[in-house]
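Below is one structure, written out as structure tokens; the observations come after it.
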Amino acid sequence: MAVSRNSKPAQQKKGMPRETIAAGLRCLVLVTVFALTRLQEAAHSHLFEIAVAAGAVYVMVTTFVPLSRRDPRRAAMLTQAIDVALITLLVYADSGVTSNYYLLYFVPILVAGAKADFRDAIVAAGLSAAGYLVVGALQGPAAVVTTSAMSRALSFGIPIGMMAIFFAILVNEQQKHARLAQQYEDAMRAKADFLSKVSHEFRTPLTAIVGFSQLLYEHSDTLDPKRQKEYLAIVREQSQHLARMIEDILDLTKIEEGRLKLKRQAMQVSDVIETALMLLDHPEDRERVALSVEPRTRAVYADRNELEQVMARLLHTAFKLSEVGASVPVRIGPAVEDDAIQVSIHLSPLDECEEALAPLTESAEKVVARKSDGKSLGLAAARALIELHGGRIWVEESYDTGVALTFVLPVCQPKEIGPEVIVGVTIGPEAAGAEAHGEDNDRGRRPVRAKAHAGQP
Amino acid sequence: MIVDDDPFARRLMRDSLDLSGECYQVFDMDRGKLALELIAVERPDVVLLDISMPEIGGIPVCTEIKRNPATAEVRIIIVSAHCGSDFIAECLSAGADDYVTKPFQPDELARRVKKALAEAVAA
């Protein structure tokens, strides 16, 4: 009730007086001008009466048409046309094309210009020129041809031209501004939506972390050690899951904003996989990976740290989607296209495999919008990182296990690392990537995951 | 009855009730459609219901439970990560009796369940 009481007077205050006052002022100005004309030119008294009648009509129209608010644009144009018609009448009543009242024509033009409504200003200038020419035509050809009348008529061309230029610039700027504002608004809305959904995703692991740690805290005296250990394992696993989600989101955001700069160097993908295996949550999963590398597999030119994260994410997905304990063959070899290598991670699919792998083809927003448990973000980040390296990733049928996560990466070109690039190198810890091990592993990223593994047996 | 697609959330809710000192018989289910069938058979006193689930979400499940005369008396507590006031209003208008936001305190959940059970008995 309180809201409706307050809102109604506010609306009235906003709508009514402005146009009524404008109409009243316009009426007052015109009546004053007509009165002055009457005093100066007594001979034109019949025109004065006509002018007063027209003024009355004018007041009615300018008061009621804009107030109807059905079509404000049309009402404004009509008001302007009436303005010009009355000024024309005044000029004609005074002394025709030689009357100094012709200066009044510039009032509606300037008013529209001051409001930055250049379309109205051009229309006002055009109408004014037409009205002035009508006055000249009514007085006869001789009056129009006078130098004074001609120069005055031409003077309308100047505001018309200027206004046209300003209008073109303004419209262009307004459109640009509107476009940018719309893009900004869309981006902000998408970001807010993304954050809201991401925070929702965070709540899933947080529920387990908060809940089980609370149970441990409250019932530490009564819970048997086995159950306590079980709760701790859940808290640990969900904490790692949460840390991974945060990393994924940070990486995705950086990539989308173009802030992720790759520090590329030549390396063998097999070396990257060896390191990625050390990043896995469960050490026993390392034994499930069967790595095979075709001869003459060339080195890639990539950011070692990011590529390790890609491999860790893909392997993590492969383990989650495969049958428990099933082997996960990883094959590396030359790609069908030139100057690329292909990596395939083969998995024995479970039922939800297709839906779970959808993030490899969806946008990050769509991934978050869809109900997921946060693992989808990892795949979306992996895809974005591979694409950032100039590669691509897809899901294909695998002849032995069923499904393969396959990606290609461009190989290292000699110009990228100099003449010593290793081509056709044998794969192993001593291969081309070995020189990068020490310096990159100390880079300091992913502290959460590194710590989590440090404590594992 | 616990209905949630997240196994950790199901386990947490079950253990929260188990450790609360009260004696409850608890069933759980990870899919809304199967949960509806089980609810019709088992007629639980209280359902702890998640909202975001695959196939059929918590809101339609809630509506269906309240629409079916055989299960309309079942008390429904929504346990969800969604926390907007509009969303809570939507849940309540779908027939939910209470709402708990994830992450939740286990003893708070147990208190809400106890209260819902008391209301169910009183009704």
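The values are calculated or read from the model by the stated rules, or taken from the named source; none is laboratory data. The shown structure was predicted, so the numbers you read here are calculated from the model rather than taken from an experiment. Cβ atoms come from the backbone with ideal geometry, glycine included; neighbour counts cover every protein chain shown.
Here are a few things to note about the model shown:
- Residue check, A:Val289 touching a strand residue (DSSP E or B) at 6+ places or on another chain (Cβ under 6 Å) and among the β-branched types (Val, Ile, Thr): yes
- Which numbered condition B:Leu48 misses (of (1) touching a residue at least 40 places away in the same chain (Cβ under 8 Å); (2) over 22 Å from A:Ile209 (Cβ atoms)): (2)
- Residues that are under 13 Å from the mean Cα position of the chain (by Cα) and either basic (Lys, Arg) or within 14 Å of chain A (Cβ to nearest Cβ) (or both), drawn from segment B:61-71: B:Lys66
- Qualifying residue in segment A:195-206 (condition: over 27 Å from A:Ser99 (Cβ atoms), among the hydrophobic types (A, V, I, L, M, F, W, C), surrounded by 11 or more Cβ atoms within 10 Å (Cβ to Cβ) and at pLDDT 85 or above): yes
- A:Ala233 meets the stated requirement of being within 14 Å of another protein chain (Cβ to nearest Cβ), surrounded by fewer than 16 Cβ atoms within 10 Å (Cβ to Cβ) and at pLDDT 90 or above.
- Of all residues in segment B:1-52, those satisfying the criterion of being under 21 Å from B:Ala110 (Cα atoms) and of a type in the set (Lys, Arg) are B:Arg10, B:Arg11, B:Arg14, B:Arg43.
- Within segment A:206-247, tally of residues that are out of contact with any Leu (no Cβ under 7 Å at 6 or more places or on another chain), hydroxyl-bearing (Ser, Thr, Tyr) and either in contact (Cβ under 8 Å) with a residue 12 or more places away in the chain or closer than 28 Å to A:Thr317 by Cα (or both): 2
Residues checked against (1) facing another protein chain (nearest Cβ under 10 Å); (2) crowded, with 16+ Cβ neighbours inside 10 Å:
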site	(1), (2)
B:Met1	no, yes
B:Asp4	yes, yes
B:Ala9	yes, yes
B:Asp15	yes, yes
B:Gln25	no, no
B:Asp28	no, yes
B:Leu34	no, no
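- Within segment A:262-278, one or more residues are exposed (fewer than 15 other Cβ atoms within 10 Å of the Cβ), over 23 Å from A:Leu206 (Cβ atoms) and modelled with pLDDT of 85 or more.
- Considering residues of segment A:209-229 that are facing chain B (nearest Cβ under 7 Å) and either of a type in the set (A, V, I, L, M) or over 15 Å from B:Gly21 (Cβ atoms) (or both) only, the residue surrounded by the most Cβ atoms within 10 Å (Cβ to Cβ): A:Gly211
- Helices (runs of 4 or more DSSP H) within segment A:264-356 that include 1 or more residues over 34 Å from the mean Cα position of the chain (by Cα) and of a type in the set (Ser, Thr, Tyr): A:269-278
- Search result, residues across segment B:36-54 that are within 12 Å of chain A (Cβ to nearest Cβ) and either hydroxyl-bearing (Ser, Thr, Tyr) or under 17 Å from B:Ala70 (Cα atoms) (or both): B:Ser52
- If you go through segment A:192-205 and pick out every residue that is in contact (Cβ under 8 Å) with a residue 24 or more places away in the chain and facing another protein chain (nearest Cβ under 7 Å), you end up with 1.
- Taking the numbered list (1) at pLDDT below 90; (2) part of a loop (DSSP other than H, G, I, E, B); (3) within 14 Å of chain A (Cβ to nearest Cβ) in turn, B:Phe104 passes all entries but (1).
- The residues of segment B:53-89 that are over 21 Å from B:Leu109 (Cβ atoms) and touching a Ser or Thr at 6+ places or on another chain (Cβ under 9 Å) amount to a single one, B:Glu64.
- Residue match in segment B:90-100 (condition: among the small types (Gly, Ala, Ser), buried (at least 17 other Cβ atoms within 10 Å of the Cβ) and not in a loop (DSSP other than H, G, I, E, B)): no
- A:Ile246 passes every criterion in (1) out of contact with any helix residue (DSSP H, G or I) (no Cβ under 7 Å at 6 or more places or on another chain); (2) outside any loop (DSSP other than H, G, I, E, B); (3) farther than 26 Å from A:Glu306 by Cα apart from (3).
- Of residues in segment B:72-99 being within 22 Å of A:Ala208 (Cα to Cα) and in contact (Cβ under 8 Å) with a residue 24 or more places away in the chain, the one farthest from the other protein chains (Cβ to nearest Cβ): B:Ile76
- Residue ID - nearest to A:Phe202 (Cα to Cα), chosen from residues in segment A:236-256 that are within 14 Å of chain B (Cβ to nearest Cβ) and surrounded by fewer than 19 Cβ atoms within 10 Å (Cβ to Cβ): A:Ser239
- Among residues of segment B:62-81, those that are touching a strand residue (DSSP E or B) at 6+ places or on another chain (Cβ under 7 Å) and part of a helix (DSSP H, G or I), counted: 2
- Close pairs (8 angstrom Cβ cut-off, 6 or more residues apart or separate chains): under 17 Å from A:Gly390 (Cβ atoms) in segment A:313-341, assigned to a helix (DSSP H, G or I) and of a type outside the set (S, T, N, Q) anywhere: A:Ile341/A:Val269
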